[in-house]
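The values are calculated or read from the model by the stated rules, or taken from the named source; none is laboratory data. Predicted, not measured: the structure shown is a model, and the values here were computed from it. Here the Cβ is made from the backbone with ideal geometry for all residues, glycine too, and neighbour counts use every protein chain on show.
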Amino acid sequence: MLTLHFAPNSRAGRIVWLLEELELAYDINKMAFHPQDLKSDAHRARHPLGRVPVLDDGDIRIFESGAIVEYVLARHKNGGLRPAEAAAEFPEYLQWFHYCEGMVMPPVNTIVVQTVLLPPDRRDETALAQAKRLLSKALEPVNAALEGRDYVIGDFSAADIMLGHACFMSNRLGCVGDDMPHLKAYVERIANRPAFKTAIEMQ
């Protein structure tokens with residue numbers, strides 16, 4: 001049985017979404033997004049930095065959301081939500097799968113720190129403004145790629161679980177403007193997927 005160590009409002013939501021889309025059985029160890037849980041000795045034994053998600057699969061333990069997605073697809077759903085390596089869309093799949101952590105999530109992280117995690121007297125408006133500009137620039141190629149498509153490579157794939165979750169978070173932070181209509185529509189399509197709704201309801 002797969003066990004997901006989860007905290008709300010984190011990348012662990014991606015893994016719930018993935019497992020629901022694949023209709024795989026799993027257990028949840030739900031923790032508070034708080035140092036009392038995440039930095040506890042018990043959880044630091046699972047992840048040295050006290051982060052989520054962490055997935056247990058029998059004697060195997062793995063962390064990092066992208067690594068978990070790739071592991072689950074390879075070990076539990078070979079061929080599911082992933083184009084074959086010889087397929088024409090495979091290179092683009094890889095590109096967008098990794099684009100979210102390389103380009104989208106770094107400014108998202110800064111925005112969350114500057115608007116939610118830090119107390120008002122420690123926030124830096126210059127850093128916040130810069131992060132918002134970087135996020136807007138990072139999202140523009142995604143908006144362009146979605147023109148005429150429902151999902152980033154055409155059909156729904158694990159690239160959407162990675163990038164789509166990041167775009168949903170960006171929209172929730174108010175950083176997907178009306179000048180990105182394809183991205184706006186994409187976020188709405190994602191939000192209406194039953195498996196995604198299940199993941200978000202755990203938040």
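Suppose the filter is in contact with a helix residue (DSSP H, G or I) (Cβ under 9 Å, 6 or more places away or on another chain), closer than 26 Å to A87 by Cα and among the hydrophobic types (A, V, I, L, M, F, W, C); does A144 pass it?
Details: in contact with a helix residue (DSSP H, G or I) (Cβ under 9 Å, 6 or more places away or on another chain): yes; closer than 26 Å to A87 by Cα: yes; among the hydrophobic types (A, V, I, L, M, F, W, C): yes.
Criteria met by A144.
If I ask for residues that are under 21 Å from G13 (Cα atoms), in a loop (DSSP other than H, G, I, E, B) and modelled with pLDDT of 95 or more, which ones from segment 72-102 would you list? Within segment 72-102, L81, R82 qualify. Against the conditions (1) assigned to a helix (DSSP H, G or I); (2) buried (at least 16 other Cβ atoms within 10 Å of the Cβ); (3) not polar (S, T, N, Q), A185 satisfies every one except (2). If you go through segment 1-43 and keep only what is surrounded by fewer than 16 Cβ atoms within 10 Å (Cβ to Cβ) and among the hydrophobic types (A, V, I, L, M, F, W, C), you end up with M1, L24, A25, I28, A32, F33, A42.
Residue-by-condition table, conditions (1) crowded, with 19+ Cβ neighbours inside 10 Å; (2) modelled with pLDDT under 95; (3) of a type in the set (V, I, T):
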| site | (1), (2), (3) |
| --- | --- |
| P106 | no, no, no |
| T110 | no, no, yes |
| D124 | no, no, no |
| S136 | no, no, no |
| N143 | yes, no, no |
| F156 | no, no, no |
| D160 | yes, no, no |
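For segment 151-195, name all the residues that are under 11 Å from the mean Cα position of the chain (by Cα) and either among the hydrophobic types (A, V, I, L, M, F, W, C) or over 17 Å from S10 (Cα atoms) (or both). Listed by number, the residues that qualify are A158, A159, I161, M162, L163, A166, C167, F168, M169. Put simply, of R14, R61 the only residue that is more than 25 Å from F168 (Cβ to Cβ) and at pLDDT 95 or above is R61.
Is there a residue being part of a helix (DSSP H, G or I), in contact with a helix residue (DSSP H, G or I) (Cβ under 9 Å, 6 or more places away or on another chain) and farther than 21 Å from R82 by Cα anywhere in segment 190-199? Yes, segment 190-199 contains a residue that is part of a helix (DSSP H, G or I), in contact with a helix residue (DSSP H, G or I) (Cβ under 9 Å, 6 or more places away or on another chain) and farther than 21 Å from R82 by Cα. Please work out which residue is nearest to the chain's Cα centre (by Cα), limiting yourself to segment 8-38 and to residues that are of a type in the set (F, W, Y) and over 12 Å from V69 (Cα atoms). Among residues in segment 8-38 that are of a type in the set (F, W, Y) and over 12 Å from V69 (Cα atoms), the one nearest to the chain's Cα centre (by Cα) is F33.
What residue, among those in segment 44-71 that are in a helix (DSSP H, G or I) and not charged (D, E, K, R), is surrounded by the fewest Cβ atoms within 10 Å (Cβ to Cβ)? Can you show your working first?
Residues of segment 44-71 that are in a helix (DSSP H, G or I), as a first pass: 44, 65-71.
Okay, now just the ones that are also not charged (D, E, K, R), so 65-69, 71.
Details: S65: 24, G66: 16, A67: 12, I68: 23, V69: 23, Y71: 15.
Looking at the filtered set, the residue picked out is A67.
Within segment 103-134, the set of residues being of a type in the set (D, E) and assigned to a helix (DSSP H, G or I) comprises D121, E125.
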